[in-house]
Amino acid sequence: MPNIKSAEKRVRTSERRRLRNASLKSALRTTIKKFERTLASDNLEQAQVALRLANRALDKAVTKGILHKNTANRKKSRLTRKFNAAVAAKQA
């Protein structure tokens, strides 16, 4: 345990932030998994809505400092490619 008062405060604030970040990251992963489950069920209309929600969640994670913007963009790109591949397979 730190001896300096400001260091004690930093321990408390960093613990609060760690819990908040873990919660937001968990919710983000859940949103992405929900999209993947919907896509696997061949319901493209629902998958499109879920993709929009996942993209929004990724953008919010960037603004909250949970993810780096390039990481979020890479994840959004991969999810969109999966969706487009499913649409192309359905049409073929």
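Structure above, values below:
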item: For the chain, projected area of the alpha-carbon convex hull averaged over all directions, nm²; result: 6.8 nm²
item: Å² per residue, accessible surface of the chain at 1.4 Å; result: 76 Å²
item: Where labels lie 7 Å past Cα in the beta-carbon direction, separation of Arg18 and Lys60 in nm; result: 2.5 nm
item: Most positive-pole-ward Cα, Ala89, Leu39, Leu53, against dipole of the chain from beta carbon charges; result: Leu53
item: Point-charge dipole on Cβ atoms (K/R +1, D/E -1) for the stretch 1-84, about Cα centre, debye to 20; result: 400 debye
item: Residue of Ser41, Ser77, Ser14 that the Gaussian network model of the chain assigns the largest fluctuation, springs spanning Cα pairs under 10 Å; result: Ser14
item: Radius ratio Rg over Rh of the stretch 1-43, counting only Cα atoms, Kirkwood formula for Rh; result: 1.42
item: Highest-first arrangement of 78-91, 25-38, where packing means the average Cβ count within 10 Å; result: 25-38, 78-91
item: Accessible-area composition of the chain, carbon plus sulfur, in percent [1.4 Å probe]; result: 51 percent
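The values are calculated or read from the model by the stated rules, or taken from the named source; none is laboratory data. All figures in this text were calculated on a predicted structure; none of them were measured in a lab. Here Cβ is always computed from backbone atoms with ideal geometry, including for glycine, and neighbour counts include all displayed protein chains. In case anyone asks, the SASA skips ligands and DNA or RNA and just uses the protein heavy atoms, side chains included. Shrake-Rupley method; radii C 1.70, N 1.55, O 1.52, S 1.80 Å.
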